[in-house]
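Contents: one structure, followed by commentary.
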Amino acid sequence: MTVKNLTIDGMTIDYTATVDSYVNYYNAFGALAGFVGDGFKAENVTVKNVTMNLNLLGEEGNAYTSAHLLPAESIGGLIGYAKGSVTMTDCKVENMTVNVTDISDDGGTKFLIGGLIGYADALYTEYQVGEDDHTYSKDYVDNGNVSITGCKVDMTVNKSGAAGAAVGGLIGGIGESITSKTGTKYSVTATID
């Protein structure tokens with residue numbers, strides 16, 4: 001999928017997580033998309049005058065749209081969570097403010113905040129296990145790659161009680177080297193120009 005020549009001007013995202021007695025999940029937030037998959041491209045996309053007010057308490061990751069565990073609350077100027085190969089060319093984030101508050105009882109929530117992408121991960125997929133049509137598993141199947149060319153970011157991050165916040169100018173966090181169930185090692189690389 002390619003998104004090109006798009007401007008988002010003036011938006012406020014207000015989100016407060018609610019406590020679930022069973023389990024609380026990490027989320028992915030971005031002004032353009034919370035989650036993008038392998039092969040996503042953004043060209044000449046501008047996001048400006050955006051405010052995100054996020055009151056989060058995630059304790060265990062699960063991106064519902066991807067059926068994959070997230071390592072932290074993933075917040076990006078454009079994209080919250082990216083898997084596989086993602087390309088961004090001539091994109092801009094202007095006058096963005098991200099206000100994050102850790103409302104977890106223990107204050108131990110992790111946040112990955114990036115000017116363009118919150119968290120970039122290797123490519124994984126769901127596959128059928130056995131002969132049962134209803135049993136699935138997940139595994140990594142390829143490296144991830146983020147390519148960023150000619151992009152600019154102007155973003156302010158305010159952390160209220162968010163001691164576990166890692167903030168990156170372009171990317172908040174990049175997936176670590178991981179070994180698949182078949183023993184193959186995969187990782188994520190970033191090319192920034």
Just need a number here: residues in segment 15-60 that are at pLDDT below 90 and farther than 24 Å from residue 122 by Cβ. 14
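Residue by residue through segment 80-98, note down the ones that are in a strand (DSSP E or B) and either open to solvent by less than 30 Å² (accessible area, probe 1.4 Å) or of a type in the set (Phe, Trp, Tyr) (or both). I'd like the intermediate steps shown before the answer.
Of the residues in segment 80-98, the ones in a strand (DSSP E or B) are 80-83, 85-89, 92-98.
Residues satisfying the conditions are 80, 81, 82, 86, 88, 93, 96, 98.
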Test for residue 125: is it at pLDDT 70 or above and open to solvent by 50 Å² or more (accessible area, probe 1.4 Å): no
Looking at residue 77 and the list (1) over 13 Å from the mean Cα position of the chain (by Cα); (2) modelled with pLDDT under 95, which single condition is not satisfied? (1)
Hey, residue 165 hits all of (1) assigned to a loop (DSSP other than H, G, I, E, B); (2) in contact (Cβ under 8 Å) with a residue 40 or more places away in the chain; (3) open to solvent by less than 70 Å² (accessible area, probe 1.4 Å) but one; which does it fall short on? (1)
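The values are calculated or read from the model by the stated rules, or taken from the named source; none is laboratory data. Owing to the predicted nature of the structure, the values given are computational and were not obtained by experimental measurement. Neighbour counts run over all protein chains shown; Cβ positions are idealised from the backbone, glycine included. Accessible surface areas use protein heavy atoms only, side chains included; no ligands, DNA or RNA. Shrake-Rupley method; radii C 1.70, N 1.55, O 1.52, S 1.80 Å.
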